[in-house]
Amino acid sequence: MVVAGCSSQTQVADNQILSSHALAGMEVTEIIEHLDQLDVEDRPADLMASVRVDELQLSAGTEQLSLDLPEDRFYLSFAPYVNQTHECYYHSLTTCRGELSNEDVQVTVTNDAGEVVVDEELTTFDNGFVGLWLPRNLQGTLRVSAEDGTGQVPVSTGTDDPTCLTTIQLT
């Protein structure tokens, strides 16, 4: 799911973390999408992957790697819920879990001027999250509708904003 203008990217140089987790040769955006969309049972237990505002931080054992994200795009992962949620600020691609896995949801993002940025029917990943690439410096509203109800929250994609939203309760 890419929602923003194109930006030029090159493939990430190979290293041990990438090689040992079958991520070598992927662009940073592809690594994020791949890890976020893995079935929970297939997620690597020895890899920590955290999406920050401007970088993807990977660590395995004592090895660490930081990969720059595109300057014009922001990865926002959100987990709508009905009964149970958790606090989160920076999305962990390997450990964050939401309540509603593999559920169809209607997702709408509008900016503060009322313009629709995203309007798509999506399915939550096995981990209960949906990931969106949004334009940076967006101020607006994220609305999610599903069989269990509808919820909406303010959303921002600036330098101090979270990459993980777990506050969208469906009622």
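Some points to look at:
- Subset of segment 94-129 [touching a His at 6+ places or on another chain (Cβ under 9 Å) and among the hydrophobic types (A, V, I, L, M, F, W, C)]: C96, F129
- Segment 20-44: number of residues that are exposed (fewer than 15 other Cβ atoms within 10 Å of the Cβ) and either modelled with pLDDT under 95 or in contact with a His (Cβ under 9 Å, 6 or more places away or on another chain) (or both): 2
- Hey, L67 assigned to a helix (DSSP H, G or I) and modelled with pLDDT of 95 or more or not: no
Table: residues versus (1) touching a Phe, Trp or Tyr at 6+ places or on another chain (Cβ under 6 Å); (2) among the charged types (D, E, K, R); (3) without any contact (Cβ under 8 Å) to a residue 24 or more places away in the chain; (4) farther than 20 Å from E27 by Cβ.
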| residue | (1), (2), (3), (4) |
| --- | --- |
| S50 | yes, no, no, no |
| S66 | no, no, yes, no |
| F74 | no, no, no, no |
| N83 | no, no, yes, yes |
| E99 | yes, yes, no, yes |
| N102 | no, no, no, yes |
| G114 | no, no, yes, yes |
| L122 | no, no, no, yes |
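- T94 meets each of the listed conditions (1) in contact with a Phe, Trp or Tyr (Cβ under 9 Å, 6 or more places away or on another chain); (2) under 28 Å from P44 (Cα atoms); (3) touching a residue at least 40 places away in the same chain (Cβ under 8 Å); (4) of a type outside the set (D, E, K, R) apart from (1).
- In the set T163, T150, T171, only one residue is at pLDDT 95 or above, in contact with a Phe, Trp or Tyr (Cβ under 9 Å, 6 or more places away or on another chain) and within 22 Å of H86 (Cβ to Cβ); that residue is T163.
- If the condition is being touching a residue at least 40 places away in the same chain (Cβ under 8 Å), more than 18 Å from Y90 (Cα to Cα) and of a type outside the set (G, A, S), then segment 128-170 contributes V144, E147, D148, Q169, L170.
The values are calculated or read from the model by the stated rules, or taken from the named source; none is laboratory data. Just so it is clear, the structure is predicted and the values come from calculations on it, not from any experiment. FYI the Cβ positions are ideal-geometry reconstructions off the backbone, even for glycines, and counts take in every protein chain you see.
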